[in-house]
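Report on one structure; see the data block that follows.
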Amino acid sequence: MKRIAIQGLIGSFHDIAAHLYFEGEQIQLICCSTFEQVFEEMQKDPTAIGMLAIENTIAGSLLHNYELLRDSGTAIVGEHKLHITHSICCLPEDDWDTITEVHSHPVALMQCRNFLAQHPQLKNVEAEDTAGSAKMIAEGKKRGWAAICHAEAAKLYGLKVLEDHIEDNKHNFTRFLVVSNPNKADMMRPLTETNKSSMVFSLPHEQGSLAHVLAILSFYHINLTKIQSLPIIGKEWEYLFYVDVMYDDLTRYRQAVDAIIPLTKALKILGEYKDGKQTN
């Protein structure tokens, strides 16, 4: 049985993504209140696997998770892209004419902004977790309160779904990374089956330094799929570049990495893995 550390409770989007990624396998969830705790659990138990959101097609990148990932010493071994849908739910005895406030994670509230604008009588209350909001209402018997969460979470905690698919944008996906102890990476995914890599590096403060790196990747037919820059704390106007690339030839990819190492500073491979499937 695999032990998977996630941020959030049972019924959260991390829970759904973990079960879809490890579909058909027995897993035990370690529910954490923060992403820091996910990596703490992995430090305590080297066999534990972590799953964390890294970017959303609407809200953008979770910048802090890039820093946690870089500092953790873990390796990315997989990814999953989950279609995010939201529902508004409440206690079975409540209805539209009795609810006065709605609780959820601030990102979920933001992703349902247009829907909530149609119900100005509802007070929006930010919470730590979508599924956690549903659990709080169910266990606390909070009359007049509603939660925004996945419909499966509502069902799990015995709440009534007032309306499903209330998200503003129907093309709302979150990308989750699967991380493990580097010594277990080869057991999690055969290196020969990988076609994607995430890396981080800084660059000398010289004209065209980033362009030179990108030109080499292009020369080796390495497809750049994402680039994210974050400032280096304590070094004004210097940045770390987090880069995702895809390749169809492992040897050529390795050659490209060897070619850019002299042009970069402190290059680190965060993980080599297979491009994740997208689920609705």
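The values are calculated or read from the model by the stated rules, or taken from the named source; none is laboratory data. As the structure is a computational prediction, the values presented were derived from the model and not from experiment. Glycine gets a Cβ as well: all are built from the backbone with ideal geometry, and neighbour counts include every protein chain shown.
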Which one is surrounded by the fewest Cβ atoms within 10 Å (Cβ to Cβ), of the residues in segment 21-34 that are over 14 Å from the mean Cα position of the chain (by Cα) and closer than 21 Å to Tyr273 by Cα? Gly24
Count of residues meeting criterion [of a type in the set (D, E, K, R) and either within 17 Å of His150 (Cβ to Cβ) or in contact with a Lys or Arg (Cβ under 6 Å, 6 or more places away or on another chain) (or both)] in segment 95-137: 4
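Is it the case that segment 96-104 has a residue that's hydroxyl-bearing (Ser, Thr, Tyr), at pLDDT 95 or above and surrounded by fewer than 18 Cβ atoms within 10 Å (Cβ to Cβ)?
Within segment 96-104, one or more residues are hydroxyl-bearing (Ser, Thr, Tyr), at pLDDT 95 or above and surrounded by fewer than 18 Cβ atoms within 10 Å (Cβ to Cβ).
Among residues belonging to segment 111-136 that are of a type in the set (A, V, I, L, M) and over 17 Å from the mean Cα position of the chain (by Cα), point out the one that is nearest to Thr34 (Cα to Cα).
As a first pass, look at segment 111-136 and keep what is of a type in the set (A, V, I, L, M): 116-117, 122, 125, 127, 131, 134, 136.
Pick out the ones that are also over 17 Å from the mean Cα position of the chain (by Cα) and you get 116-117, 122, 125, 127, 134, 136.
Numbers: Leu116: 27, Ala117: 30, Leu122: 28, Val125: 19, Ala127: 13, Ala134: 18, Met136: 18 Å.
Of everything passing the filter in segment 111-136, Ala127 is nearest to Thr34 (Cα to Cα).
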Just to be sure I understand the filter: pairs with C-beta atoms under 6 Å, separated by 6 or more residues or on different chains, first member in segment 221-249 and touching a residue at least 12 places away in the same chain (Cβ under 8 Å), second member basic (Lys, Arg) and surrounded by 13 or more Cβ atoms within 10 Å (Cβ to Cβ). Which pairs pass? Asp244/Lys226; Met246/Lys196
Output yes when any residue across segment 190-200 is among the β-branched types (Val, Ile, Thr), surrounded by fewer than 18 Cβ atoms within 10 Å (Cβ to Cβ) and assigned to a helix (DSSP H, G or I), and no when none is. yes
Scanning for something at pLDDT 95 or above and out of contact with any strand residue (DSSP E or B) (no Cβ under 8 Å at 6 or more places or on another chain), does segment 192-199 turn up at least one residue? no
Residue count, segment 82-102 (criterion: in a strand (DSSP E or B) and farther than 28 Å from Tyr21 by Cα): 3
Please enumerate the residues belonging to segment 1-25 that are more than 22 Å from Lys155 (Cα to Cα) and of a type in the set (Val, Ile, Thr). Ile4
Criterion (crowded, with 17+ Cβ neighbours inside 10 Å, within 19 Å of Glu67 (Cα to Cα) and among the polar types (S, T, N, Q)) met by exactly one of Gln7, Gln37, Gln43: Gln7
Among residues of segment 1-27, those that are aromatic (Phe, Trp, Tyr), farther than 24 Å from Ala138 by Cβ and not in a loop (DSSP other than H, G, I, E, B), counted: 1
Name the residues in segment 247-280 that are out of contact with any Asp or Glu (no Cβ under 7 Å at 6 or more places or on another chain), in a strand (DSSP E or B), within 17 Å of Arg189 (Cβ to Cβ) and not acidic (Asp, Glu), would you? Ile269, Leu270, Gly271
